[in-house]
1. Please list the non-local residues whose amide H lies under 5 Å from the amide H of Val75, H modeled 1.01 Å from N, same-chain partners needing a gap of 5 or more.
2. Which of the GluC sites (Glu not before Pro) across region 5-44 are loop residues per DSSP, with 13 or fewer other Cβ within 10 Å?
3. Excluding residues fewer than 8 places away in the same chain, name every one of the lysines whose C-alpha is closer than 16 Å to that of Lys218.
4. Fewest Cβ neighbours within 10 Å first, please rank Thr193, Thr23 accordingly.
Amino acid sequence: MTPNDTKPSAVTVRGLVKHYGETRALDGVDLEVREGTVMGVLGPNGAGKTTLVRILSTLLTPDAGHATVAGYDVVRQPRQLRRVIGLTGQYASVDEKLPGWENLYLIGRLLDLPRKEARARADELLERFSLTEAARRPARTYSGGMRRRLDLAASMIGRPAVLYLDEPTTGLDPRTRNEVWDEVKAMVGDGVTVLLTTQYMEEAEQLASELTVVDRGKVIANGAVEELKAKVGGRTLRVRPADPLQLRPLAGMLDELGITGLAATTVDTGTGSLLVPVLSDEQLTAAVGAVTARGITISSITTELPSLDEVFLSLTGHRASAPQDARPADSREEVAV
């Protein structure tokens, strides 16, 4: 049992179904997110990620199934639910004609915050997200990273218990992406529960304590990052000889041993290592024994699980999207599926 298993659920989804004509966007999705954690929802375009978020934020009504968020039924109690959630979509949704401060103040008033509290909350969040100096400038003058931070600040105005982040770093450069990740980690540190949809494996590993993989409207795997890697199977034995000149002789020696099922070794000259794919404990033991028995001085021997990208490919048959620094607005999913 992990520490997260003892926490109460902030989001519970059972048998969620949603159709768009003949397309079954969600096909019986089950999901559970523990309080104060980040659940990463992975999947290729069209997998159903955005549809799930829209249902959980009361923007869509499911055709079947049941979901509760922070104790509220998403269909029967939408008004109560909207007061305890925040949402940041793939692209900044703030009013670009208004200054940053006015954007936040307006949202506070729409959430029925008293004027004094809305002003104080706007000031507080602008400072937290390093936007105080730009507070009186129109949002259209902000950089992409500043807009994204303003968007995150807007989603936090009402102090949400649950925050939905739908591919929040799409189109951002690496530095700005890291800034967004830092802010998300800070929110979770404050006790916010986060449901994160993403196609970026690095983002999932950075932020999520648990992962759910969705494809064609179905959940095909879930668990902690290391659990999913272990489920896919396969490890890599990384052997680093003290003398780099021993790399190729060592590779040839392993290939000639005839260890049952052992794949061909790969020489990584960049790190001075030999990579040996192993599928079983027996292969691992045999390979390590062979290396140590040859009298070659070894600097290090380690085993590595598959990368999350390899896990994604194995589960879905698709490669995960690589982060892009300037993704055009019209490249988003054509329908929210």
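Nothing in this text is a laboratory measurement; each read-out follows from the coordinates by a stated rule. For clarity, every value in this text was computed on a predicted model and none was experimentally measured. Note that each Cβ is placed from the backbone with ideal geometry, even for glycine, and that neighbours are counted across all protein chains shown.
1. Here Ala67 satisfy the definition.
2. When the GluC sites (Glu not before Pro) of region 5-44 are filtered for loop state and at most 13 Cβ neighbours within 10 Å, Glu22 remain.
3. Straight-distance partners of Lys218: Lys18, Lys49.
4. Fewest-to-most Cβ neighbours within 10 Å comes out as Thr23, Thr193.
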